[in-house]
Amino acid sequence: MPTKPLDPQVVLKIDGYLKPHIPAIIQRYNSYRRWKDLIELHEGGYDKFTKGYERYGFNVGPNNEIVYKEWAPYAEEAYLIGEFNQWSRTSHPMQKNEFGVWEITIPPFPSGAPGIPHDTKIKLSMVLPSGERIERLPAWIKRVTQDLTVSPVYDARFWNPPASETYKFKYPRPPKPDNLRIYEAHVGIATAEPRVGQYKEFTKNVLPRIKDLGYNAIQLMAVMEHAYYASFGYQVTSFFAASSRYGEPEDLKELIDTAHQLGITVLLDIVHSHACKNVLDGLNEFDGTDHLYFHEGGKGRHDLWDSRLFNYGSYEVLRFLLSNLRYWMEEFQFDGFRFDGVTSVMYKHHGIGTGFSGGYHEYFGDNADEEGIVYLMLANDAMHALYPNTITIAEDVSGMALLCKPVPEGGVGFDYRLSMAIPDMWIKLLKHKQDDEWDIGNIVFTLTNRRDGEKSIAYAESHDQALVGDKTLAFWLMDKEMYTNMSTQTPMTPVIARGLSLHKMIRLVTHALGGEGYLNFIGNEFGHPEWLDFPRDGNNNSFHYARRQWNVVDDDLLRYKFLNNFDRAMNHTAAKYGWLDSPQAYVSLKNEKDKVLVFERAGLLFVFNFHPTNSYTDYRVGVEVDGDYQIVLSSDEKDYGGFANIDVKTTFSTTPLEWNGRKNFTQVYIPSRTCIVLAKV
């Protein structure tokens, strides 16, 4: 059944300012329709088309015969080589069909065992029209390993564990979370030891922490295999292989299943915006041409990332990428994706050297990359059709209109977008402004500046802010005193008192005012010191900064525990009252002189005093709903590194007199650099 055309009135009802761009929106929607209808015609729809991994790469049949298929149209000859045939370049020739797909079937041994033993090395050997022989790792390979003592180049392995060693999922996916609270994590750095952490360690040691802290989702970085560890996982070489640095694929399945047991949703940081330029163990020049999976020439290269750019207008590339999404959802039971580099996908300039003013002409003009946008529409539409509870998040700096609207409404189909301006704002404030220069109005504007009806993920800092060359918020706030004055046995210095206070306030105001979801990068919840730097030549391949120092938060004599306690209380309070899933807050006061911010959301009253020295007694704040209120969260509690100047047992009664545009007021004590949350009794 053909896909319905787009009704322009549906788009205009969302945003009337889109009227001049209706032709461009209809054009891209019609392109999406053509692709969807073509997939329906030739493949029977998304279901079959996105299971390319069951037709391409290596698949074992019911009698243990192994079928291997690979798309490499430019090659004139192709051979499967490996340990199973002593690397013979002639014994296992492949046959090519009219679509450029090579195929071979390896019969089982007389014993019935598969003809290629499990976990043995394999390669694809091809002869080009010039007579040159090239060798590649299979594009759809599910397991690759690296032995740096021999070479940085990866080896492909035939992964076919016996049934006794195959992980069987025990727990269903948890219900789709509202009030999304994401813990962004990297398995490799999730150990305190100077080495690469393992999936099994993360399952045993880190998942319980995440559950305890009140996060209901994990976003796993650097899972897709990448040749260079220091790329943070963003230079992918094998798209269907879970990184072997951290263990076996079965270990990752156990991690995800255990998270599901704990009620935690697991999202994959998916990199479909570009690919590593490696030839020997990547997709680059796979069949001897530079334009198989990618655009040829400059169009197929990202100048800043030094990587290759996909040709989203190719049928086989769409099969590869959409099947990649399906593979992670189906085989590993991920629950959704954070799409990396969406800005690069949606614009011909890839965001390089371009600032976005918010003008709609920037989104729909000649700079828009229709093929890239249509790929994202197909990806979102397919995943939501096949898995209705899937969650997709866009990393986009442009502010593209309709990004988080469903595809049938003319949107790109994401569920959430990352509010990337928020962490930039906090870093700029801490780097360039004195505390008494903080502009409360600008803070509120940045936190609330989001498209109506499109959900945003707010965050004070992510992995980007922690990378070498920058510092975590805690380190910006407290710097070298974190080495000397974080002990509870030493007096609280002014620097540490300020740092602890603002760390808590920044996180809570971002959490409560900044979006419909919240994200925290692993370790930052407790004010992880210093920065993040992976082993590389420039640091003598040191792991010192490529780990998480859990020891500091677990040490009862250190003040890191206070920030961890506050993070836990903040998340559990958010879960109880559901502010992230509530309509945007009503801000009743932005007092620049007093540095006080007051707003209401989800029936709660939030009061922040950012003033560096002034405390206020009987400070009058407006509130819409009358009644008695009590404090449900105070940053000034001793358990959170505060001074306990605020009596959390106080009942605050309202007076029916209009104040700051609200029907009632109450009066609170709000010391310098503290925040409180009040709920109706």
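The values are calculated or read from the model by the stated rules, or taken from the named source; none is laboratory data. Since we're looking at a predicted model, the values are computed, not measured. Note: ideal-geometry Cβ built from the backbone for every residue, glycine included; neighbour counts use all protein chains shown. The protein model used for the area step is the full one, side chains on, heavy atoms only, and it has no ligands, DNA or RNA in it. Shrake-Rupley method; radii C 1.70, N 1.55, O 1.52, S 1.80 Å.
Annotation: amide H-H contacts under 5 Å for Glu77 (H modelled 1.01 Å from N, sequence separation of 5 or more, or interchain): Val127. Couplings 3J(HN,Hα) of region 313-330, computed from phi: x, 9, 4, 6, 5, 4, 4, 4, 6, 5, 5, 4, 4, 4, 4, 5, 5, 7 Hz, in residue order, whole Hz [Karplus 6.51 cos²θ - 1.76 cosθ + 1.60, θ = phi - 60°; x for Gly and Pro]. Electrostatic bookkeeping for Gly365 treats Lys and Arg as +1 and Asp and Glu as -1; over the other residues with beta carbon under 13 Å from its beta carbon, the sum is -2.
Most simply put, the chain has about 70% antiparallel DSSP beta bridges, counting only bridges with both residues inside it. Computed 3J(HN,Hα) for region 182-195, one whole-Hz value per residue from the Karplus formula 6.51 cos²θ - 1.76 cosθ + 1.60 where θ = phi - 60°, is 9, 9, 7, 9, 10, 4, x, 9, 7, 10, 7, 7, x, 6, glycine and proline marked x. The magnitude of the dipole of region 373-473, with charges of +1 and -1 set on the Cβ of Lys/Arg and Asp/Glu and taken from the Cα centre, is near 100 debye.
Placing dummy labels 7 Å off each Cα toward the beta-carbon, the span from Asp556 to Ser151 is 5.5 nm.
The accessible-area ordering, largest first, of the residues Phe364, Phe202 stands as Phe364, Phe202, per a 1.4 angstrom probe. Per residue, the solvent-accessible area of region 275-360 (1.4 Å probe, heavy atoms of protein chains only, all protein chains present) comes to 32 Å². Rolling a 1.4 Å probe across all protein chains gives Arg173 an accessible area of roughly 70 Å².
Per residue, the average separation of C-alpha pairs within less than 8 Å and at least 6 apart gives the chain a relative contact order of 10 percent. Only one residue of Phe445, Ala401, Gln434 has its Cα farthest out toward the positive end of the dipole of region 391-447, where Lys and Arg carry +1 and Asp and Glu -1 on Cβ, and that residue is Ala401. Shape class of region 532-680 from the alpha-carbon gyration tensor: prolate, with a/c at 1.5 or above and a/b greater than b/c. Using only alpha carbons, region 512-568 has a radius of gyration to Kirkwood radius ratio (Rg to Rh) of 1.09. For region 262-276, putting each phi into the Karplus relation 6.51 cos²θ - 1.76 cosθ + 1.60 with θ = phi - 60° gives couplings of 7, x, 9, 7, 10, 10, 9, 6, 9, 10, 10, 7, 6, 9, 4 Hz, in residue order, rounded to whole numbers and with x for Gly and Pro. In terms of accessible area, using a 1.4 Å probe and ignoring ligands and nucleic acids, Thr666, Thr166 rank largest first as Thr166, Thr666. Ordering Asp647, Asp452, Asp435 by accessible surface, largest first, gives Asp452, Asp647, Asp435; the 1.4 Å probe counts only protein heavy atoms, with every chain in place.
Computed on region 408-503, with alpha-carbon pairs under 8 angstrom and 6+ residues apart, the relative contact order is 29 percent. Ellipticity at 222 nm from helices only: DSSP H runs of n ≥ 4 in the chain, each -39500 (n - 2.57), divided by the residue count, give -7500 deg cm²/dmol. Probing with 1.4 Å while keeping every protein chain in the model, the per residue accessible area of region 378-442 equals 33 Å². For the listed peptides 506-516, 419-429, 353-363, a ranking on the average number of other beta carbons within 10 Å per residue, highest first, reads 506-516, 419-429, 353-363. Here the contact order of region 110-262, divided by its residue count and restricted to Cα pairs under 8 Å and six or more residues apart, works out to 25 percent.
Count Lys and Arg as plus one, Asp and Glu as minus one, and take only other residues whose Cβ is under 9 Å from that of Arg547; the net charge is then +1. Near His21: Cβ cut-off under 11 Å, other residues only, Lys/Arg at +1 and Asp/Glu at -1. The net charge is 0.
Annotation: amide H-H contacts under 5 Å for Val632 (H modelled 1.01 Å from N, sequence separation of 5 or more, or interchain): Val677, Leu678, Ala679. Near Asn216, the amide H atoms lying under 5 Å from its own belong to Arg181; only residues 5 or more places off or on other chains count, and H is placed 1.01 Å from N. Per atom type, region 302-379 shows carbon and sulfur on 43% of its accessible surface, probed at 1.4 Å.
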